[in-house]
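Visitor: The structure that follows is given in the form of structure tokens.
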Amino acid sequence: MHFGMTEDAARIWDALTKGIGALGLIAGGVWTLKKYFDDRANERILAAERAKSAGIEARKPFSTKQLELYFQVVEATSGIASGPWEQQGSPFRRLLASLLGATCARGR
């Protein structure tokens, strides 16, 4: 059976289709490698962000307690500023000597 194509034309078409198939395989391989490395880079970024978030969450109870103590200090200092030192100094000294000092030392 003859389709009206010479043997040379058939060889050219055969080489072209094989070449296009090979180019498709190469392009698919390049795309797969690019996607693989992009996904690895994105995973590293996400892991770093997760680690940063975990660190913030781990410090949250400490920061909450520190903020609570700061509010107590502000309250004690405002009492000192508005009244005699002898009457208001005791709560401030107690806060400064106990919890606040330990909290500030641990936070650094």
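The values are calculated or read from the model by the stated rules, or taken from the named source; none is laboratory data. Predicted model, so just to flag it, every value in this text is computed and none were measured. Ideal geometry is used to build each Cβ from the backbone, glycine not excepted, and the neighbour counts take in all protein chains shown.
Visitor: Check Ala22, Ala9, Ala15 and return the single one that is surrounded by 10 or more Cβ atoms within 10 Å (Cβ to Cβ), at pLDDT below 95, among the small types (Gly, Ala, Ser) and part of a helix (DSSP H, G or I).
Guide: Ala9
Visitor: Looking at the stretch 1-22, I want the residues that are among the acidic types (Asp, Glu) and have a partner that is surrounded by 10 or more Cβ atoms within 10 Å (Cβ to Cβ) and at pLDDT 95 or above with Cβ atoms under 9 Å, at least 6 apart or on another chain. Which pairs are those?
Guide: none
Visitor: I'd like the full set of residues that are aromatic (Phe, Trp, Tyr) and more than 29 Å from the chain's Cα centre (by Cα), limited to the stretch 12-64.
Guide: Result: Trp13, single match.
Visitor: Taking the stated definitions as given, is Glu57 acidic (Asp, Glu) and loosely packed, with under 10 Cβ neighbours inside 10 Å?
Guide: Taking the combined requirement at face value, the residue satisfies it.
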